[in-house]
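Chemist: Input: one structure, supplied below.
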Amino acid sequence: MADKPEIKKLFDQFNKLKVLIIGDAMLDNYIHGNVDRISPEAPVPVVLIDKKESRLGGAANVAINIQSLGATPLLISVTGDDLNGKLLSQLLEEKNIANEFLITDTGRITTSKTRVIAKH
């Protein structure tokens, strides 16, 4: 088993790395709200939305994790020429992750995943 100085040295070396990430960068969208009734048209809850938020997901989340360990992530991904693609690029900028390797494809929709989180 490695001792503490060796582990520290390993993580210090990680700060010098550039890590290439190739994959599907996506938006993870969250809708928070409350449920107080069931729809009369179908047996589904009606959510009264309190808050919406978007976070980096998929390969973009991997880039955040690589960055948190001290390395420099280089993310290559394809997004759509749409609102979600622009938001994804903006979120990368806010996290100081280069978005220069994002490829915009006009025939594609940016991948997004939406979760509804409701109380009651």
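Chemist: For the chain, which longest stretch is free of loop sites, where a loop site is one of the GluC sites (Glu not before Pro) that DSSP puts outside H, G, I, E and B and that has at most 13 other Cβ atoms within 10 Å?
Modeler: For GluC sites (Glu not before Pro) (loop position, at most 13 other Cβ atoms within 10 Å), the longest site-free span of the chain is 42-99.
Chemist: Here's another thing I want to ask about it. Which whole-number percentage describes the relative contact order of segment 11-93, with Cα contacts under 8 Å and a sequence gap of 6 or more?
Modeler: Taking the mean separation of contacting Cα pairs over the length of segment 11-93, I get 40 percent.
Chemist: Now for a separate question. Would you mind telling me which residue in I97, I22, I49 has the biggest mean-square fluctuation in a Gaussian network model of the chain, where springs connect alpha carbons within a distance under 10 angstrom?
Modeler: Among I97, I22, I49, the largest GNM mean-square fluctuation belongs to I49.
Chemist: Here's something else I'd like to know. Considering only H32, Q13, V44, whose Cα is most displaced toward the positive end of the charge dipole of segment 1-44, charges sitting on Cβ of Lys, Arg (+1) and Asp, Glu (-1)?
Modeler: Comparing the listed Cα positions along the dipole, Q13 ranks first.
Chemist: Using a simple charge model, +1 on the beta-carbon of Lys and Arg, -1 on the beta-carbon of Asp and Glu, nothing else, what dipole does segment 18-120 show about its Cα centre, in debye to the nearest 20?
Modeler: Magnitude of the dipole: close to 280 debye.
Chemist: Kindly provide the helix-only [θ] at 222 nm of the chain, computed as the sum of -39,500 (n - 2.57) over DSSP H runs of four or more divided by all residues, to the nearest 500 deg cm²/dmol?
Modeler: So the helix-based figure for the chain works out to -8500 deg cm²/dmol.
Chemist: Further, regarding this structure: Output the Cα-based Rg and Dmax of segment 19-60 in Å, rounding Rg to one decimal and Dmax to a whole number.
Modeler: 16.1, 52
Chemist: Out of G70, G58, G107, any idea which swings most in a Gaussian network model of the chain, alpha carbons joined below 10 Å?
Modeler: Comparing G70, G58, G107 in a Gaussian network model of the chain, the most mobile one is G107.
Chemist: Which lysines does K119 reach when only Cα atoms under 27 Å apart count, and residues fewer than 8 places away in its own chain are ignored?
Modeler: Qualifying lysines at Cα under 27 Å: K51, K52.
Chemist: May I pose another question? Semi-axes of the equivalent ellipsoid for the chain, please: Cα gyration tensor eigenvalues, times 5, square-rooted, ordered largest first, whole Å.
Modeler: 36, 21, 10
Chemist: Further, regarding this structure: Round to the nearest 10 and give me the degree value, 0 to 90, for the angle of helix 83-94's Cα axis relative to the longest principal axis of the chain.
Modeler: With rounding to tens, the tilt is 40 degrees.
Chemist: Still on this model: Just to confirm the number: angle between the C-alpha axis of helix 4-14 and the first principal axis of the chain, 0 to 90 degrees, nearest 10?
Modeler: 70
Chemist: Relative to the longest principal Cα axis of the chain, at what angle does helix 59-68 sit, 0 to 90 degrees, rounded to 10?
Modeler: Long axis of 59-68 versus the principal axis of the chain: about 50 degrees.
Chemist: Tell me which residues come under 5 Å, amide H to amide H, from S112 once H is placed; ignore anything under 5 positions away on its chain.
Modeler: Those lying under 5 Å, H to H, from S112 are L27.
Chemist: What does segment 43-107 give for Rg and for Dmax, in Å, if only its C-alpha atoms count?
Modeler: Answer for segment 43-107, Rg first and Dmax second: 14.6, 48 Å.
Chemist: A further question on this structure: Give me the accessible area of R37, 1.4 Å probe, in Å² rounded to the nearest 10.
Modeler: The accessible area comes out at roughly 130 Å².
The values are calculated or read from the model by the stated rules, or taken from the named source; none is laboratory data. Given the structure is predicted, the values throughout are model-derived calculations rather than measurements. FYI the Cβ positions are ideal-geometry reconstructions off the backbone, even for glycines, and counts take in every protein chain you see. Accessible surface is based on the protein model in full, side chains and every heavy atom, while ligands, DNA and RNA are left aside. Shrake-Rupley method; radii C 1.70, N 1.55, O 1.52, S 1.80 Å.
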